[in-house]
Amino acid sequence: MKELTLFYLENCPYCKRARNYMQELCEENPEYAKIPVKMVEERAEKELADSFDYYYVPCYYIGKDKLAEGSIDKAGVKAVFDKALEE
């Protein structure tokens, strides 16, 4: 299981939706709830956010590998979680 990093903005409606999908998926599948997710509010952690190559939030990474960027649906979040579960 790999750690996910999620870059987001607190007041971004797409970020809020993505976090809601994450919560729903964790409630539906206990394995997803075990995935470590580092939440990075890009304004609060500007230096860290600037060290990654993305433009839109929400943006998911495993290490330096970008998995998804920008508006995402529930299936997209599930795909990100499934990638984190791969060995």
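The values are calculated or read from the model by the stated rules, or taken from the named source; none is laboratory data. Not measured: the values here are computed from a predicted model. Here the Cβ positions follow ideal geometry from the backbone for every residue, glycine too, while neighbour counts run over all protein chains shown. Accessible surface areas use protein heavy atoms only, side chains included; no ligands, DNA or RNA. Shrake-Rupley method; radii C 1.70, N 1.55, O 1.52, S 1.80 Å.
Table for the structure above
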| item | result |
| --- | --- |
| Computed Rg/Rh of the chain, alpha carbon atoms with Kirkwood Rh | 0.93 |
| The chain: relative contact order as a whole-number percent, Cα under 8 Å and 6+ apart | 43 |
| ³J(HN,Hα) computed for each position of segment 58-67 - Karplus, 6.51 cos²θ - 1.76 cosθ + 1.60, integer Hz, glycine/proline x | x, 9, 10, 10, 10, x, 9, 8, 6, 9 |
| Angle in degrees between helix 74-85 and the longest Cα principal axis of the chain, rounded to the nearest 10 | 80 |
| Carbon and sulfur %, accessible surface of the chain computed with the full protein complex present, 1.4 Å | 48 |
| Disulfide-incompatible cysteines by the Cβ rule (no partner under 4.7 Å) in the chain | C26, C59 |
| Charge dipole (the chain, unit charges on Cβ, about Cα centre) - positive-most of F7, L85, I35 | F7 |
| Rounded tilt (10° steps) of 13-28 against the dominant C-alpha axis of the chain | 20 |
| Gain on full stretching of the segment that runs from E69 to K46 - 0.36 nm per residue minus C-alpha separation | 6.5 nm |
